[in-house]
Amino acid sequence: AIVDLSDRGVVTVTGSDRLSWLHSMASQALSRLRPGTGTEALLLDASGRIEHAAHVIDDGETTWLVVEGDEAVPLTAWLDRMRFMLRVEVADRSAEVAVLGAMSIAALDAAAPAAAPAGVALDWVDPWAAPGPGGHQYAHDAGHPASDWHWIERIVPREALAEAAAAVAAGRVVVAGSLAAEALRIAAWRPRLATEVDEKTIPHELDWLRSAVDLGKGCYKGQETVAKVLNLGRPPRRLVLLHLDGSDTVLPAPGDEVVGEKVRPEPEPGEEPERRTVGRITSSAMHHELGPVALAVVKRQVPADLPLIVLSHGIEVAAAQVEIVPADAGA
């Protein structure tokens, strides 16, 4: 099936200095990015907190950045301010091109051909499926669901959306909703800027060093925090997958509180357990096999075996956590 992602933004950078310029600011090594190879990069503030995230593909003449829809304008403006005397030009191309998503090239080919203004098809293959050569993974390898995540984002001329719609109407390809894609993303433990990131998020908390950070490069804003937390500290919060009790047919919303019962060494007889907020839901969905699932960011010290409760719509939803960033993740 294909998914309409035409609400995403697309920013381009042209000019002979584009890759070295982006390399100097981003968490990812981009200076030698080969045409047609997809990667992703984060732009951090001085404290290492995530400000922007982009899916990156270069066609030999232009670097294409696929971003959240509301990120295209501010990212374009920010990049424009960083140009100085270099030979680069930045443009928001969201009105000209659109994005389609799928788990296979065959599905995308049945819908619409990829844009290829320089002769290189603009198909961004998500690198989340395996840790990057310069990355670091906190999650345990055993049972990591990313191996089932084969996500591709195809940049097409915006007028090609009508061609894709005609292909769906003619039965040449199946269309799926964004909620179906979200369910698969959550099950793959795949972080997303629009959902998992808040004003305090650093990459370590989401296990995003795995695919969006090259630890072999330095001299970019926020790099000191990235190195210090990795080599000397612990992520202050951690991403978990929650399997939710579906008996009340309640799907938590982003921002809903996650609470746990405070464990007392010697509770008094009849004493009610004390509850405390330990985190918040970032995204949730109904998975076709797993049922209701969610991603949540919780405090680092929350025990991995602690039963959790999500407070949503005035109902208590029981939740069992699966560690993504382990509670003992450290140097």
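The values are calculated or read from the model by the stated rules, or taken from the named source; none is laboratory data. Remember, predicted model here, so these are calculated numbers, not experimental data. Positions of Cβ are generated from backbone atoms using ideal geometry, with glycine treated the same way; all protein chains shown enter the neighbour counts. Remember, those area values only see protein heavy atoms, side chains included, never the ligands or the DNA or RNA. Shrake-Rupley method; radii C 1.70, N 1.55, O 1.52, S 1.80 Å.
Laid out as a table, the results:
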| item | result |
| --- | --- |
| Residue match in segment 47-58 (condition: assigned to a loop (DSSP other than H, G, I, E, B), open to solvent by 60 Å² or more (accessible area, probe 1.4 Å) and of a type in the set (Asp, Glu)) | no |
| Unmet criterion (only one of (1) closer than 24 Å to Gly101 by Cα; (2) of a type in the set (A, V, I, L, M); (3) touching a Ser or Thr at 6+ places or on another chain (Cβ under 9 Å); (4) surrounded by fewer than 20 Cβ atoms within 10 Å (Cβ to Cβ)) for Val168 | (3) |
| Enumeration of residues in segment 115-163 that are open to solvent by less than 30 Å² (accessible area, probe 1.4 Å), closer than 22 Å to Gly60 by Cβ, in a loop (DSSP other than H, G, I, E, B) and free of Cβ contacts under 8 Å to residues at least 60 places away in the same chain | Ala115 |
| Index of the failed condition, Leu19 passing every other in (1) in contact with an Asp or Glu (Cβ under 7 Å, 6 or more places away or on another chain); (2) open to solvent by 30 Å² or more (accessible area, probe 1.4 Å); (3) assigned to a helix (DSSP H, G or I) | (2) |
| Selection status of Leu44, open to solvent by less than 20 Å² (accessible area, probe 1.4 Å) and either polar (S, T, N, Q) or modelled with pLDDT of 95 or more (or both) | yes |
| Wholly enclosed strands (runs of 3 or more DSSP E) of segment 237-331 bearing at least 1 residues over 26 Å from Lys200 (Cβ atoms) and without any contact (Cβ under 8 Å) to a residue 60 or more places away in the chain | 291-299, 315-323 |
| Residue match in segment 217-228 (condition: under 19 Å from Ala46 (Cβ atoms), at pLDDT below 95, more than 20 Å from the chain's Cα centre (by Cα) and not hydrophobic (A, V, I, L, M, F, W, C)) | yes |
| Positions within segment 59-78 being more than 15 Å from Trp124 (Cα to Cα) and either surrounded by 22 or more Cβ atoms within 10 Å (Cβ to Cβ) or in contact with a Gly (Cβ under 7 Å, 6 or more places away or on another chain) (or both), in sequence order | Gly69, Glu71, Ala72, Leu75 |
| Number of positions in segment 81-114 that are open to solvent by less than 50 Å² (accessible area, probe 1.4 Å), part of a loop (DSSP other than H, G, I, E, B) and within 15 Å of His150 (Cα to Cα) | 1 |
| Candidates Ala180, Ala188, Ala194, filtered to the one that is closer than 22 Å to Val11 by Cα and in contact (Cβ under 8 Å) with a residue 12 or more places away in the chain | Ala194 |
| Selection status of Asp214, of a type in the set (Asp, Glu), buried (at least 16 other Cβ atoms within 10 Å of the Cβ) and touching a Pro at 6+ places or on another chain (Cβ under 9 Å) | yes |
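Here is a yes/no grid of residues against (1) of a type in the set (S, T, N, Q); (2) touching a Cys at 6+ places or on another chain (Cβ under 8 Å); (3) closer than 24 Å to Gly135 by Cα:
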| residue | (1), (2), (3) |
| --- | --- |
| Gln223 | yes, no, yes |
| Val250 | no, no, no |
| Gly291 | no, no, no |
| Leu295 | no, no, yes |
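Conditions tested, residue by residue: (1) touching a His at 6+ places or on another chain (Cβ under 7 Å); (2) within 28 Å of Trp21 (Cβ to Cβ).
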position: Thr201; (1), (2): no, yes
position: Leu209; (1), (2): yes, yes
position: Tyr220; (1), (2): no, yes
position: Lys228; (1), (2): no, yes
position: Val240; (1), (2): no, no
position: Leu244; (1), (2): no, no
position: Leu251; (1), (2): no, no
position: Gly279; (1), (2): no, no
position: Glu289; (1), (2): no, no
